[in-house]
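Participant: Okay, handing you the structure first.
The values are calculated or read from the model by the stated rules, or taken from the named source; none is laboratory data. In this text the structure is predicted, and so the values were computed from the model without any measurement. We place every Cβ from the backbone using ideal geometry, glycine too, and count neighbours over all the protein chains shown.
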Amino acid sequence: MNGLSGRYAIVGVGESAVGRKLGRTEISLQLEAARRAFADAGVAKSAVDGLLARPSHSAPQFNYSASLAGQLGLQPTYIADIALSGASSAAMIMAAVAALEAGFCTSVLCVNGDVQTATYKRRGGLTNWIEDFEKPFGYSGAPVTYGLPARRHMYEYGTTSEQFGAVAVACRKHASLNPNATYREPISLADHQASRMVADPFRLLDICPRTDGAGAVIVTSAERARDLAQPPVYLLGLGQFNTHADVQYAPSMTTIAMRGASERAYAMAGLGPKDIDVAELYDCFTSVVIATLEDYGFCKKGEGGAFVENGRIELGGELPVNTGGGMLSQVHSSGFFHITEAATQMRGMAGARQVAGAQTAIVSGQCGSLGINACLILGKHAR
Amino acid sequence: MSDRVPRPVVPLANPDTQPFWDACLRGELLLQRCSACRAYFHPPSPSCPTCLSDQYEWVRASGNGTVYTFVIVREALARGWEQFVPFVVAVIDLDEGVKFLSNVVNVAPDAVAIGMPVEVTFAELDGTTKLPLFQPRTVEVPQ
């Protein structure tokens, strides 16, 4: 029996109505089960800060658990989609224990259920109800999803297209020093400004291109790591925060998920923004880097545009950002290369793009139009 | 973009959203209002995201709001939208306090601005569906 045995328990149980051709939606059944679990446990929904769900098979959706959190009015510090079909139910309980043991959250709601005898059919490529309120309006493609908060940032803080451009220029400069990058030809701010407007306020060079590539890492205990071939890169801080998957539920379009995630990672690491040497920040669009720098505490809210100017985020600058070229110039790979690059920097093996003496790196992973964020702090030393 | 039809993607009502789409056919914009905590919510949901009550009423919204943020789509980003570009995808801040994703139509895209007062207008899609879009609203200035 290991140390986990008997440490965690199920405290609330909820079942929805069941039957054939109920004429109800998947989300309706899931919400009913969740409400009943809250009632059974005798807890307010605010007591739950973790959410695990299996994406519905009949009404699939990106970021399923985040969308369900939105329907429940929750802003969890830990979510995950557990998409393991028949194994998902038991696997959710294991994942819940792991998340609780890790301290990512204090109570986890697990939800699993579906409609298998639907009385209505989707059409036109739509798979779920939320898409009825998005795709018919041309809300398709990440440049639209992320253009909305980008425009709002420009409006609230005076951020400019030229400042977006400074991010693109920095990433390309770094890619030019990385032999394993897709786009290595340096660009200038003038190139950025001359690139065509695709989804105003985004120009072509604000948008991370479609590319092919995959990354992988192996994580083990610090103890095991000591005997292996490479110097360990330590996981010092991990934090997640989730405010929305669907833009209509966004409490703000310029703050929150990234701030909540970084606060938790800094707290776990016992570090602050001033202690960070390298930043690898999710950059599906240039504007996202600016918003992340603010919410990760490298500058005040609204000052991210000024922060990225004059080479401050380039190698040799105050805070080198996306030293491998980022998604904008290296590869998309859903941001995984931010992790491999951060680890390479911590090992001191980044060659021409190595940040001299780098001891700490911060990594941002995000989606859902800034509403879903996970933050990692990596270190050369265990501290 | 005017309210040209047909659009490449047409919404379909489900048991949670049927009243919303039925009302659009009548030229009415409906929101759900929680019977327990009185909060408005949208998109339609089986329960209130604020307090989780599953008791709600459908309320006719004023149809008025302001542009909260927007993107001008200048190149089609999904198949079927080529004939519509440039068009404006916007988040509308409805007077009832909920955010509504839609298009701003009947105005040059470059004339759209954050804070612009807008009102709902309905576009016929395929004889069975009307889509709620927004157009500039003339605001009466108090004397």
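Participant: Condition check: touching a Gly at 6+ places or on another chain (Cβ under 8 Å), over 16 Å from A:TYR249 (Cα atoms) and either crowded, with 16+ Cβ neighbours inside 10 Å or facing another protein chain (nearest Cβ under 10 Å) (or both). Does B:PRO8 satisfy that?
Facilitator: Here the answer is yes, as B:PRO8 does meet what is asked.
Residue by residue, here is whether (1) assigned to a loop (DSSP other than H, G, I, E, B); (2) under 14 Å from A:GLN366 (Cα atoms); (3) not assigned by TED's automatic domain parsing to the domain that holds A:VAL48 holds:
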residue: A:ARG210; (1), (2), (3): yes, no, yes
residue: A:ALA214; (1), (2), (3): yes, no, yes
residue: A:ILE218; (1), (2), (3): yes, no, yes
residue: A:GLU223; (1), (2), (3): no, no, yes
residue: A:GLN230; (1), (2), (3): yes, no, yes
residue: A:GLY237; (1), (2), (3): no, no, yes
residue: A:PRO251; (1), (2), (3): yes, no, yes
residue: A:THR255; (1), (2), (3): yes, yes, yes
residue: A:ARG264; (1), (2), (3): no, no, yes
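Participant: Looking at this structure, is A:SER46 surrounded by 19 or more Cβ atoms within 10 Å (Cβ to Cβ) and modelled with pLDDT of 90 or more? Before the answer, list the steps.
Facilitator: On the way: surrounded by 19 or more Cβ atoms within 10 Å (Cβ to Cβ): no; modelled with pLDDT of 90 or more: yes.
Here the answer is no, as A:SER46 does not meet what is asked.
Participant: Now, a different point. For the range B:27-122, give me every one of the strands (runs of 3 or more DSSP E) that falls completely inside it and has 1 or more residues that are among the hydroxyl-bearing types (Ser, Thr, Tyr) and more than 10 Å from every other protein chain (Cβ to nearest Cβ).
Facilitator: In the range B:27-122, B:56-60, B:64-73 are the strands (runs of 3 or more DSSP E) which contain 1 or more residues that are among the hydroxyl-bearing types (Ser, Thr, Tyr) and more than 10 Å from every other protein chain (Cβ to nearest Cβ).
Participant: Could you tell me how many of the residues in the range A:337-353 are under 25 Å from A:ASP295 (Cα atoms) and of a type outside the set (A, V, I, L, M, F, W, C)?
Facilitator: Taking the range A:337-353 as the starting set, the residues that turn out to be under 25 Å from A:ASP295 (Cα atoms) are A:337-346.
From what's left, of a type outside the set (A, V, I, L, M, F, W, C): A:338, A:340-341, A:344-345.
Selection size over the range A:337-353: 5.
Participant: Which residues, counting only those in the range A:180-196, are in contact with a helix residue (DSSP H, G or I) (Cβ under 8 Å, 6 or more places away or on another chain) and either without any contact (Cβ under 8 Å) to a residue 40 or more places away in the chain or buried (at least 22 other Cβ atoms within 10 Å of the Cβ) (or both)?
Facilitator: A:ALA181, A:GLU185, A:PRO186, A:ILE187, A:SER188, A:LEU189, A:ASP191, A:HIS192, A:GLN193, A:SER195, A:ARG196
Participant: Something else now. Need the failing condition index for A:ARG20 against (1) closer than 30 Å to B:LYS99 by Cβ; (2) in a loop (DSSP other than H, G, I, E, B); (3) charged (D, E, K, R), just the number.
Facilitator: The one condition A:ARG20 does not meet is (1).
Participant: Can you tell me which of A:GLY50, A:GLY103, A:GLY23, A:GLY86 is within 11 Å of chain B (Cβ to nearest Cβ) and of a type outside the set (Asp, Glu)? Give the steps one after another, and end with the answer.
Facilitator: Details: A:GLY50 fails: within 11 Å of chain B (Cβ to nearest Cβ); A:GLY103 fails: within 11 Å of chain B (Cβ to nearest Cβ); A:GLY86 fails: within 11 Å of chain B (Cβ to nearest Cβ).
Selected residue: A:GLY23, the only one of A:GLY50, A:GLY103, A:GLY23, A:GLY86 that is within 11 Å of chain B (Cβ to nearest Cβ) and of a type outside the set (Asp, Glu).
Participant: Filter the helices (runs of 4 or more DSSP H) completely within the range A:272-383 down to those with at least 2 residues that are within 19 Å of the chain's Cα centre (by Cα), modelled with pLDDT of 95 or more and hydroxyl-bearing (Ser, Thr, Tyr).
Facilitator: Result: A:286-295.
Participant: Something else about it: Hey, any hits in the range A:189-203 for a residue that's of a type in the set (A, V, I, L, M, F, W, C), within 14 Å of chain B (Cβ to nearest Cβ), in a helix (DSSP H, G or I) and within 30 Å of A:ILE256 (Cβ to Cβ)?
Facilitator: There is no residue in the range A:189-203 that is of a type in the set (A, V, I, L, M, F, W, C), within 14 Å of chain B (Cβ to nearest Cβ), in a helix (DSSP H, G or I) and within 30 Å of A:ILE256 (Cβ to Cβ).
Participant: What are the residues in the range B:79-104 that are farther than 22 Å from A:MET253 by Cβ and of a type in the set (A, V, I, L, M, F, W, C), if any?
Facilitator: B:TRP81, B:PHE84, B:VAL85
Participant: I'm trying to understand the selection: among the residues of the range A:183-204, which are of a type outside the set (D, E, K, R) and either farther than 24 Å from B:PHE84 by Cβ or at pLDDT below 95 (or both)?
Facilitator: Across the range A:183-204, the qualifying residues are A:TYR183, A:PRO186, A:ILE187, A:SER188, A:LEU189, A:ALA190, A:HIS192, A:GLN193, A:ALA194.
Participant: List the residue pairs whose Cβ atoms are under 7 Å apart, where the first residue sits in the range A:264-277 and is within 18 Å of A:CYS299 (Cα to Cα), the second is in a helix (DSSP H, G or I), and the two are 6 or more positions apart or on different chains.
Facilitator: Filtered contacts from the range A:264-277: A:GLY272/A:TYR266.
Participant: Among the residues that make up the range A:230-251, is at least one of them in contact with a Lys or Arg (Cβ under 6 Å, 6 or more places away or on another chain), within 30 Å of B:ILE92 (Cα to Cα) and either within 14 Å of another protein chain (Cβ to nearest Cβ) or modelled with pLDDT under 90 (or both)?
Facilitator: For the range A:230-251, residues in contact with a Lys or Arg (Cβ under 6 Å, 6 or more places away or on another chain), within 30 Å of B:ILE92 (Cα to Cα) and either within 14 Å of another protein chain (Cβ to nearest Cβ) or modelled with pLDDT under 90 (or both): present.
Participant: Return a yes/no flag: does the range A:56-79 have any residue that is over 21 Å from the mean Cα position of the chain (by Cα), without any contact (Cβ under 8 Å) to a residue 24 or more places away in the chain and either farther than 25 Å from A:GLY371 by Cα or within 14 Å of chain B (Cβ to nearest Cβ) (or both).
Facilitator: No, the conditions are met nowhere in the range A:56-79.
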